[in-house]
1. Kindly provide the set of residues from the stretch 337-353 that are at pLDDT below 80, closer than 13 Å to Y305 by Cα and open to solvent by 80 Å² or more (accessible area, probe 1.4 Å), ordered by number.
2. Given the conditions (1) among the polar types (S, T, N, Q); (2) crowded, with 24+ Cβ neighbours inside 10 Å; (3) over 21 Å from D249 (Cα atoms), report the number of the one that T85 does not fulfil.
3. Taking only pairs six or more apart or across chains, which ones have beta-carbon atoms under 8 Å, a first residue in the stretch 127-149 that is in contact (Cβ under 8 Å) with a residue 40 or more places away in the chain and within 19 Å of A87 (Cα to Cα), and a second residue that is open to solvent by less than 30 Å² (accessible area, probe 1.4 Å) and not in a helix (DSSP H, G or I)?
4. Among (1) assigned to a helix (DSSP H, G or I); (2) open to solvent by less than 50 Å² (accessible area, probe 1.4 Å), there is one condition F98 misses while meeting the rest; what is its number?
5. Could you tell me whether T108 is modelled with pLDDT of 90 or more, of a type outside the set (A, V, I, L, M) and open to solvent by less than 30 Å² (accessible area, probe 1.4 Å)?
6. Looking only at residues in the stretch 238-260 that are under 20 Å from N113 (Cβ atoms) and open to solvent by 70 Å² or more (accessible area, probe 1.4 Å), which one is modelled with the lowest pLDDT?
7. Quick check, is D133 within 30 Å of R12 (Cβ to Cβ), open to solvent by 20 Å² or more (accessible area, probe 1.4 Å) and of a type in the set (D, E, K, R)?
8. Are any residues in the stretch 303-332 among the aliphatic types (A, V, I, L, M) and closer than 12 Å to L261 by Cα, and if so, which ones?
Amino acid sequence: MDARTQQAQELRRQIEWTLARAVDPSDVLPMLHRLARLAVDGSDENLFAHLHLAELLVERDPWRAALYAKRVLAHRPDDDRGWATLALCQTLLGNYRFAVSAYHHALTSAPKNPWYAHNLGHLLDVALGQARDAVGWLKRAYQSAAYSGEVAASYAHALARVGRIAEARKVLGRAMKRTASREHTAMLRWLEQGAPADKDHPLPRPAPVPSLASRERDDSDDDAARSRPKRDEAPSRRQLRSPVVAELDAVLARGLANLPLDAKQRARAKALARDALSYFSRPTGARGGAAVQAVAAAVAYAIVYVDHVPLTQAEVAACFRVGVASLRGRFSELRAHLDLMPGDARYATLRRR
């Protein structure tokens, strides 16, 4: 083994150590750039660097992130994470048909991944107006992730658009029994009105993130973009699940299964996780890449904290396989960001007089 390879392997270990301890990704990104330059093109370390750069930058700079994802796929054409990240990049850039193709590639490599199926179905339904093609993908996602309110809402929306309103109301009703949201309430009103086309898309959808290419378009291109019909607007970022969001849901679900919490407490934990991501994974925030395991553990402990559940931080940390110090640090930040208190009415399930 030559000195260059040894240096690349050691740098990768340092990056993994840093990420595992939820250090600010502004410290990790320069290390990843250095590893990408140092490692031999196409080596495991080189592709590790490019994939993580793509995933960390996808919402902050989707144009650059797409370049990193493509470099991974040039050497690993069956890498599902590479395709999924590229698909999300293209979605945020407004290239919806490209995104659909990329999600198809991701699902070929990982056919049981519900988040890929959800994102594909939601794109077909909302961005391209192909609800009939979307229903099958969203049904697949719903069957594997019925606990997700976002998946349920997307599935219900597509069902309604193909005229299956009764089924849509059942799907949405089950989701609202677990945890309701303003989007769910808006969609229910839309369904009760018969899902009229002129009041379609009850879920909010911000405009696509401007890419380098879009910033350089001339006025005529801008006019054409403004004249697009509504069905070509960008799907909600909350509805399109980034790798970080999908992984947080999965890690949180696994950890909660090992804790003595009831169904209502688990549902509140999932709701709290969404609020946590506004701090730990906001696109331009300082802590956009906090380690998912530590964040999930902090979310779970937050429910323990507000509901006075007799569990220690060590017991919760063990269920998520993270150190107590990592949980404590992330929970301290989360408590300050959300101004959490014991018995907090937003998340507590037990009411004390």
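1. D339
2. (3)
3. Filtered contacts from the stretch 127-149: A127/A234; A127/P235.
4. So the condition that F98 fails would be (2).
5. Working: modelled with pLDDT of 90 or more: yes; of a type outside the set (A, V, I, L, M): yes; open to solvent by less than 30 Å² (accessible area, probe 1.4 Å): no.
Here the answer is no, as T108 does not meet what is asked.
6. R238
7. Details: within 30 Å of R12 (Cβ to Cβ): no; open to solvent by 20 Å² or more (accessible area, probe 1.4 Å): yes; of a type in the set (D, E, K, R): yes.
When the stated conditions are applied, D133 does not pass them.
8. Quick first cut of the stretch 303-332, residues among the aliphatic types (A, V, I, L, M) only: 303-304, 306, 309, 311, 314, 316-318, 322, 324-325, 327.
Within the stretch 303-332, I303, V304, V309, L311, V316 qualify.
The values are calculated or read from the model by the stated rules, or taken from the named source; none is laboratory data. Quick caveat: nothing in here was measured; it's all calculated off a predicted structure. A quick note on method: Cβ atoms are made from the backbone with ideal geometry, for glycine too, and the neighbour counts reach across all protein chains shown. When the accessible area is computed, the model is the full protein with side chains, heavy atoms only, and any ligands, DNA or RNA have been set aside. Shrake-Rupley method; radii C 1.70, N 1.55, O 1.52, S 1.80 Å.
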